[in-house]
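The next block holds one structure in the form of structure tokens; read it before the comments.
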Amino acid sequence: MDWKKAVKPASAVEGFAKAGARKPKSAVDVVAEAIDKQVELFDKPKEEGRRWFEVKGDNVGFTIRYANSPLKLVGEETNVVVPKAQFVEVMNAIKADVVKGAFKSQLDAAEERVRARSAKMAASRSSKKS
């Protein structure tokens, strides 16, 4: 088989062209999706995945994280506890607040740290190449 006849440039195929390039997710999108994943992990305790929560008896302690840093949920508290029966409802309410912008200042600051770290790593990589 002549593979050169079978392949096409990515730019010529729908979905692979630069216009179809992946758009970076916002911090709000990342946190909202992560909360959905935590609810899924709570509902399926045997499923693999990193959990932001810990179940002890009838209570669940949890944090909400972005860029590996916990958000301040109540005052300066990053780790909170709710009754196990209310965990999913509370997580969905927090997700709604995240989407509405209640954590905007914290997420913006964390996103800025991520961008700065990414830029620093890019600069370090480019200096190693030269």
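Among the listed pairs Lys23/Lys95; Lys56/Lys95; Lys72/Lys95, which are separated by more than 18 Å between their Cα atoms? Check vs 18 Å cut-off fails for Lys23/Lys95; Lys56/Lys95.
The fraction of all Cα pairs in region 25-123 landing in successive 5 Å bins from 0 to the largest distance is 2, 12, 23, 24, 18, 11, 7, 3, 1, 0, given as whole percents. Summing Lys and Arg as +1 and Asp and Glu as -1 over all other residues whose Cβ lies under 15 Å from the Cβ of Leu107 gives a net charge of +2. Listed by chain and number, the lysines whose alpha-carbon sits under 21 Å from that of Lys120, ignoring those within fewer than 8 places in the same chain, are Lys25, Lys128, Lys129. The magnitude of the dipole of the chain, with charges of +1 and -1 set on the Cβ of Lys/Arg and Asp/Glu and taken from the Cα centre, is near 1040 debye. Pop the C-beta distance of Ala102 and Asn68 into the FRET formula with R0 = 25 Å and round what comes out to the nearest 0.05. My answer for the efficiency is 0.75.
The alpha carbon centroids of region 1-70 and region 72-130 are separated by 15 Å. Taking the Cα centre of the chain as the origin and placing charges on Cβ (Lys, Arg +1; Asp, Glu -1), which of Gln38, Ala122, Met1 is farthest toward the positive end of the dipole? So the residue furthest toward the plus end is Met1. A simple count of charges around Ala34, restricted to other residues whose Cβ falls under 12 Å of its Cβ and scoring Lys, Arg +1 and Asp, Glu -1, yields +2. Estimated from helices alone, the mean residue ellipticity of the chain at 222 nm is -15500 deg cm²/dmol (sum of -39500 (n - 2.57) over DSSP H runs with n ≥ 4, per residue). For the residue pairs Lys44/Lys100; Lys46/Lys84; Lys84/Lys104; Lys44/Lys84, the C-alpha atoms sit more than 19 angstrom apart in Lys44/Lys100; Lys84/Lys104.
Compute the long axis of helix 87-100 from its Cα atoms, compare it with the longest principal axis of the Cα atoms of the chain, and write down the angle in degrees, 0 to 90, nearest 10. Rounded to the nearest ten degrees, it is 60. Taking 0.36 nm per residue of sequence separation and removing the Cα-Cα distance, the Ser118/Arg51 pair yields an extension gain of 21.6 nm.
Values in this text are rule-based calculations from the coordinates and carry no lab data. Remember, predicted model here, so these are calculated numbers, not experimental data. Here Cβ is always computed from backbone atoms with ideal geometry, including for glycine, and neighbour counts include all displayed protein chains.
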